[in-house]
Amino acid sequence: MYKNTIHRQTLSRMPEGRLSNVWNRVASWVGMLMLVSLPLTAKDFTVVLDAGHGGHDSGAVGRISKEKNINLKVALAVGRLLEQNCNDVKVVYTRRTDKFVPLHGRADIANQAKADLFVSIHTNSLPKGRIARGAETYTLGLHRTKENLAVAQKENAVILIESDYKQRYAGFNPNSAESYIMFEFIQDKNMEQSVSLAQSIQQQFRTRARRNDRGVRQAGFLVLHATSMPSVLVELGYISTPDEERYLNSQKGVTDMSASIYHAIVDYKRRQPGTQADAPTAVTPSKADNPQSGKKTAPPARPAAKKREAPVFKIQILTSSAPLKPGDRRLKGLKPVSYYREGGLYKYTYGSSTDYNEVSRLRKSILSKFKDAFIIAFRGNEKMNVQQAIKEFKQNK
């Protein structure tokens, strides 16, 4: 649906007007190979911060400010926190100034950077006479309410500014509810991680910024649909509500909201395999262990270790906002299938075995029907990290 472009640095090395179409394609592949062959000393976690709107696209307009400026202030503040405190994180911005970037261009930047996360920052609004307060975070999916659809329509309407939007977005009409049916059939392999990040952001808004928590929601955002990594769209608050607008334009508002998003990103990163999440959590000493008391408490005896159940591998084939009927065409004739619920979503799986190799072969056999199918793992009824499950499988072979 969207075309990838050559990285800007690669383009700058090419002599203009001298390469034929064939050589342009060759150069594109060379450029991509150069990006893949980055040295091992490069940052190992990339976050793309997307300040919504910009330039001649003001976004929502309040009494004293414009959405594009609020979005940019918060995005830059989040970026500064990451750059100052996370040496292993690379921050990429879709814009750092007041300029217009089309939706497909924002997704291209994230995809070319091979980002680990994409966070799009926006500010909400309502028609005159309506009042609302609070922050909400969206992941990609089919809207469940008219309110969610309205937010997606507002954000997607930016494509109408682009001269070639009908061709670029395959006839998608952001103002037509029928166009959003396409999001019902999305099989997003990053959905679980996107929901996890969204939940963390909302928790931070609630506890750190003391904001009204409007929850994690789903809707059909084109910019999220075009990205190939876990991605969310944040609505910081309502520019159409006077006290909310004043807060979002204040230094406290920018500091609160940016710190919340920053801490949510750090928390998400720590929970990924191979990061600091694997380190034990520090425990605050109790009074009995206080060195000033002059006494030491012996550590409690450890209970006998129980033999753990072997991980069970399954293939996740699609995600739905509502349960599917037996024989639903979205299952493409695959039987038997099962599902589990997570983050308010119904996640359908196929196959089940403690033998990872068997499930891996089974996955390959259904890729013609479900190209984004991927393997997950459970221990008992609890979902577990699939890399850890594979490690256990190999150790116990």
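For ALA150, are the conditions met, namely being in the same structural domain as ASP213 (by TED's automatic domain parsing), crowded, with 20+ Cβ neighbours inside 10 Å and either in contact with a helix residue (DSSP H, G or I) (Cβ under 7 Å, 6 or more places away or on another chain) or part of a helix (DSSP H, G or I) (or both)? So ALA150 fails the test.
How many residues are in a strand (DSSP E or B) and among the charged types (D, E, K, R) if we restrict to region 336-362?
3
Residues are listed down the side, and each one gets a yes or a no for (1) at pLDDT 85 or above; (2) in a helix (DSSP H, G or I); (3) surrounded by fewer than 14 Cβ atoms within 10 Å (Cβ to Cβ); (4) among the aromatic types (Phe, Trp, Tyr):
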| site | (1), (2), (3), (4) |
| --- | --- |
| TYR247 | yes, yes, no, yes |
| GLY253 | yes, yes, no, no |
| ALA259 | yes, yes, no, no |
| ILE265 | yes, yes, no, no |
| PRO285 | no, no, yes, no |
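Within region 365-382, residues that are modelled with pLDDT under 85 have Cβ atoms under 9 Å from residues that are among the aliphatic types (A, V, I, L, M) and assigned to a strand (DSSP E or B) in these pairs: ASP372/ILE317; ASP372/LEU318; GLY380/VAL312, counting only partners at least 6 apart in sequence or on another chain. Test ARG270 against the stated conditions and say whether it is of a type in the set (D, E, K, R), without any contact (Cβ under 8 Å) to a residue 24 or more places away in the chain and surrounded by fewer than 19 Cβ atoms within 10 Å (Cβ to Cβ). Criteria met by ARG270. If the condition is being more than 13 Å from SER120 (Cα to Cα) and β-branched (Val, Ile, Thr), then region 63-82 contributes only ILE64.
In summary, PHE118 fulfils each of the numbered conditions (1) crowded, with 21+ Cβ neighbours inside 10 Å; (2) modelled with pLDDT under 90 with the single exception of condition (2). A single entry from LYS325, LYS332 fulfils the requirement of being free of Cβ contacts under 8 Å to residues at least 12 places away in the same chain and surrounded by fewer than 15 Cβ atoms within 10 Å (Cβ to Cβ): LYS325.
So that you can scan it fast, the table gives a plain yes or no per residue for (1) modelled with pLDDT under 95; (2) under 25 Å from LEU224 (Cβ atoms):
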{"residue": "LEU33", "(1), (2)": "yes, no"}
{"residue": "GLU67", "(1), (2)": "no, yes"}
{"residue": "ASN71", "(1), (2)": "no, yes"}
{"residue": "LEU76", "(1), (2)": "no, yes"}
{"residue": "LEU81", "(1), (2)": "no, yes"}
{"residue": "LEU103", "(1), (2)": "yes, yes"}
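Residues that are loosely packed, with under 12 Cβ neighbours inside 10 Å, outside the structural domain of GLN193 (by TED's automatic domain parsing), farther than 28 Å from GLN199 by Cβ and more than 27 Å from the chain's Cα centre (by Cα) are absent from region 338-356. From the residues in region 63-100 that are among the charged types (D, E, K, R) and in a loop (DSSP other than H, G, I, E, B), which one is surrounded by the most Cβ atoms within 10 Å (Cβ to Cβ)? Here the answer is ARG95.
The values are calculated or read from the model by the stated rules, or taken from the named source; none is laboratory data. Predicted model only: the values in this text are computed from it and were never measured. Every residue, glycine as well, gets a Cβ built from its backbone with ideal geometry; the counts of neighbours run over all protein chains shown.
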